[in-house]
Amino acid sequence: MKHYAEVLRGYARLQASLRSFVLRRLVAEQIDRKPSVRKRLVAAYLLGGNVEVKKGSDKGGDFRNVPACRSSFQLGCGVAYSIYGETPPANSIFGRTPAAGREVLCTNPASLRGGPGKLDPIQPAEPFAPGTTIGVLTSNIGYVLPKVSTTWVEADDSYRARCVSENGANVLKTTPLNGAPTLNALPDATWGLHLTDASLPLGNLADLARRQITAYSRAR
């Protein structure tokens, strides 16, 4: 079991590194430093990527010019957060940085200007990647899905979310609403609900993307 747990942790870390950590570097090196490219950026969604900013600021850490999104019609900005269902442990992987004068950015997709908001999760109706390591992890998160004929299941307003600073970490902390299940931290508590970073607020992110794309089209 110990070996299996280590495999799961390693696989989850690989998945994260192939997504937001790579995109974080891409934005820093290929977009943030180039005004002509930056003008073509609609928005960057860096979920679970530990994007760093100056303390008390929306930029100035990883990115000098790309700020946090604080409006659904703002362009050339970024959305970044890591989800935890409980207070992050002292050794949490996400939400903290050792860099002096910096902190990890948290933007709430359900309330970009700050404060609490309600999340609209979207899940595939069928098990994700059955027979794979990531599929095993995902199936054990704790989602309860009804039998439906559609490809996706959306459950609006089923979790409350707020950016908090707890135990030295800046994270998006969630609470179940209306009978929604309490989700499991996997592979362990240090990861929090990292495997739900995309699915838990996916409805909110889809709405945000539509509004930002509309704003970008009108500005062209």
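The values are calculated or read from the model by the stated rules, or taken from the named source; none is laboratory data. Being a predicted model, the structure only gives us computed values, none of them experimental. Cβ atoms come from the backbone with ideal geometry, glycine included; neighbour counts cover every protein chain shown.
Within the stretch 191-220, restricting attention to residues that are surrounded by fewer than 24 Cβ atoms within 10 Å (Cβ to Cβ) and among the polar types (S, T, N, Q), the residue that is nearest to residue 140 (Cα to Cα) is 199. Filtering the stretch 90-120 to residues that are surrounded by fewer than 23 Cβ atoms within 10 Å (Cβ to Cβ) and at positive phi leaves 101, 114, 115. The set of residues in the stretch 54-79 being closer than 18 Å to residue 30 by Cα and touching a residue at least 12 places away in the same chain (Cβ under 8 Å) consists of 61, 62, 63, 64, 65, 66, 68, 75, 76, 77, 78, 79. Residue-level analysis places residue 124 among those that are free of Cβ contacts under 8 Å to residues at least 40 places away in the same chain and either of a type in the set (Phe, Trp, Tyr) or within 30 Å of residue 148 (Cβ to Cβ) (or both).
Applying the set (1) within 23 Å of residue 94 (Cβ to Cβ); (2) modelled with pLDDT under 95; (3) more than 15 Å from the chain's Cα centre (by Cα); (4) of a type in the set (Val, Ile, Thr) to residue 148 leaves exactly one unmet item: (1).
Is it the case that the stretch 47-54 has a residue that's outside any strand (DSSP E or B), more than 13 Å from the chain's Cα centre (by Cα) and modelled with pLDDT of 95 or more? No, the stretch 47-54 contains no residue that is outside any strand (DSSP E or B), more than 13 Å from the chain's Cα centre (by Cα) and modelled with pLDDT of 95 or more. Picking from residues in the stretch 10-38 that are modelled with pLDDT of 90 or more and in contact with a helix residue (DSSP H, G or I) (Cβ under 6 Å, 6 or more places away or on another chain), the one that is farthest from residue 216 (Cα to Cα) is 31. When residue 154 is evaluated against the numbered criteria (1) surrounded by fewer than 19 Cβ atoms within 10 Å (Cβ to Cβ); (2) in contact with a helix residue (DSSP H, G or I) (Cβ under 8 Å, 6 or more places away or on another chain); (3) at pLDDT 95 or above; (4) not aliphatic (A, V, I, L, M), which criterion, by number, is the only one it fails? Result: residue 154 passes all but (3).
Based on this model, can you work out whether residue 192 counts as on the phi > 0 side of the Ramachandran plot and of a type outside the set (D, E, K, R)? Yes; evaluated as a whole, the condition is true for this residue.
Just one residue in the set 112, 41 is part of a loop (DSSP other than H, G, I, E, B), more than 29 Å from residue 182 (Cα to Cα), modelled with pLDDT of 95 or more and in contact with a strand residue (DSSP E or B) (Cβ under 9 Å, 6 or more places away or on another chain); that residue is 41.
Taking the criterion of being of a type outside the set (Ser, Thr, Tyr) and buried (at least 21 other Cβ atoms within 10 Å of the Cβ), the residues of the stretch 160-182 that qualify are 161, 169, 170, 171, 172, 173. Across the stretch 53-76, the number of residues qualifying as crowded, with 22+ Cβ neighbours inside 10 Å and within 20 Å of residue 162 (Cα to Cα) comes to 2.
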